Amino acid sequence: MSSYYTLITALPWLPELEQCKQMPLSRIALDQRLTMLSDQDLEQLRLVESLYFPDSEFLQGNTDKQLVSVWREQLGGVESDTLLQRINFSHELMTLLAALRSRSGGMESPDLFHGIGRWLPRIKQHWFEPGFGLEDYFPQLSKIQRVLAKDDPALLEKVLNQMLWHDLILCERQNHFSFESVVCFVLRWGIAERHIQQDGTEALQKFNRLTGQLLGQAGLHQQLEQGVK
Amino acid sequence: MALGWAGLYGPMALGAIGSMIGCAQAGQAACGALLETETGHGRYIGIAAMPSSQSIYGIVVMFALNREITPENAPGLAAIGLLCGLALLFSAAWQGKCCASAINVSKIRPEIFGMSLAPAAIVEGFAVFAFIFALVISAGVPV
């Protein structure tokens with residue numbers, strides 16, 4: 001893998017995820033800078049991105065078994081072990097979440113569950129234990145369980161994004177000016193974009209809810225009608 | 001005899017190779033920073049030139065070692081020249097990495113520009129050690 005001194009310094013600084021309110025660089029500008037990558041590295045980047053941020057249509061249009069099969073095949077194409085670890089961590093989080101949801105949804109036999117990653121055998125082996133016997137291996141599991149119990153998908157998404165973000169930051173700090181560092185930045189950019197979009201959607205929902213409440217008040221409704229007349 | 005000549009020209013050649021690597025790395029980083037920043041371009045170019053000093057040290061050591069090469073002084077010249085050259089090569093190459101990092105972080109936070117140069121300055125210090133003591137030792141090589 002090559003070194004990318006010019007590209008790394010040409011990328012803007014991304015603040016902490018919670019502080020990301022606006023993207024410092026558009027996708028078009030990012031793609032322009034990424035043309036500095038060699039063709040092979042660009043291809044690898046696209047593969048890693050597709051595995052890290054699976055398309056929602058692809059997720060909805062396939063069963064878990066099919067998804068796992070496709071991912072296992074695609075993972076063989078990732079050349080960098082460092083990047084493979086990042087993707088595996090993301091997939092393991094998804095598997096863990098899917099296992100928690102499946103179990104709470106009434107799945108009684110772990111044999112029916114399909115997932116990917118190091119923790120899968122342990123999850124199946126300890127299916128009926130609260131934390132699948134993974135508490136020592138993955139201490140953040142209890143946090144995920146707490147958030148899951150609150151039934152707040154937006155909060156859960158934020159917590160998972162934070163975990164992925166920290167994993168990528170650590171990797172980026174260990175790989176200066178390398179291809180891995182570029183990929184970690186691009187993946188963080190994707191998480192930040194998702195986070196900002198989520199914030200926007202949440203704000204819109206809140207606005208609609210407040211508007212609905214206000215319009216629901218008879219006095220205000222009448223005033224608005226009078227105003228329109 | 002051949003080793004003597006290698007020792008004579010070694011500091012210059014190896015120092016220059018190190019400077020090429022270091023300046024290229026730091027220079028590439030500077031180019032990226034130019035794209036991302038509006039001001040302070042001069043300082044990035046200045047940092048990118050830092051690893052060139054090893055070439056100058058190499059030239060000075062070469063002149064200090066310059067004498068008629070004989071079978072008696074060839075091993076001494078080879079030892080001092082080649083080891084000093086290697087020290088200059090590695091210091092320049094790694095200083096280039098330090099400079100690239102300094103450019104990258106000072107682009108994000110310009111106020112830490114001075115502090116970010118400390119690692120590059122420390123590496124430069126080791127190059128100066130190799131240079132000075134090569135000059136001192138060279139006095140003991142028979143003319």
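Every read-out reported here was derived from the displayed coordinates using simple, explicitly stated rules and does not represent laboratory data. Bear in mind the structure is a predicted one, so any value in this text is a computation, not a measurement. Neighbour counts are summed over all protein chains in view; Cβ atoms, including those assigned to glycine, are modelled from backbone coordinates with ideal geometry.
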### Task
Please list A:189-196, A:111-118 highest first by mean number of surrounding beta-carbon atoms within 10 Å per residue.
A:189-196, A:111-118
### Charge dipole of the protein assembly as shown about the Cα centre (unit charges at C-beta), most positive-ward option of B:69, A:38, A:159
A:159
### Query
Per-residue mean of other chain beta-carbon atoms within 10 angstrom of the beta-carbon, peptide B:93-103?
2
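Which GluC sites (Glu not before Pro) in the range A:1-66 sit in a loop by DSSP (not H, G, I, E or B) and have at most 11 other Cβ atoms within 10 Å of their own Cβ? Provide the component values of the computation, followed by the final result.
Details: sites: A:16, A:18, A:43, A:49, A:57; in loops: A:16.
Here the sparse-neighbourhood loop sites are A:16.
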### Residue of A:53, A:89, A:185 that the Gaussian network model of chain A assigns the largest fluctuation, springs spanning Cα pairs under 10 Å
A:53
### Query
Which one of B:55, B:98, B:10 is farthest out on the positive end of the charge dipole of the range B:2-138, using unit charges on Cβ (Lys, Arg +1; Asp, Glu -1) and the Cα centre as origin?
B:98
### Query
What is the average number of partner chain Cβ atoms found within 10 Å of a Cβ in B:24-31?
4
### Query
What FRET efficiency would be calculated for the residue pair residue A:137, residue B:128, taking the C-beta separation as r and a Förster radius of 45 Å, to the nearest 0.05?
0.35
### Task
Taking 7 Å along the Cα-to-C-beta vector as the label spot, tell me the residue A:26-residue B:68 distance in nanometres, rounded to one decimal.
7.4
### Query
Hey, in the GNM for chain B with a 10 angstrom Cα cutoff, which one of B:105, B:61, B:128 fluctuates hardest?
B:105
### Query
For the pair residue A:112 and residue A:2, what calculated FRET efficiency results from E = 1/(1 + (r/R0)^6), where r is the Cβ-Cβ distance and R0 = 45 Å, to the nearest 0.05?
0.50
### Query
Hey, what's the Cα Rg ratio for the range B:2-138 versus the globular rule of thumb, 2.2 N^0.38 Å?
1.19
#### Entry: Lys, Arg +1 and Asp, Glu -1 on Cβ, resulting dipole of the range A:33-228 about Cα centre, debye, nearest 20
500
### Message
Of the candidates B:55, B:91, B:106, which one comes out as most mobile in a Gaussian network treatment of chain B with C-alpha springs shorter than 10 Å?
### Response
B:106
### Query
Simple spin-label model, 7 Å along Cα-to-Cβ: residue B:105 to residue B:41 in nm?
2.6
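Taking the Cα centre of the range B:2-138 as the origin, how large is its charge dipole in debye, to the nearest 20, when only Lys and Arg (+1) and Asp and Glu (-1) carry charge on their Cβ atoms?
Once rounded to the nearest 20, the dipole reads 140 debye.
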### Task
Quantify how strongly other chains surround peptide A:6-16 by giving the mean number of their Cβ atoms within 10 Å of each of its Cβ atoms.
6
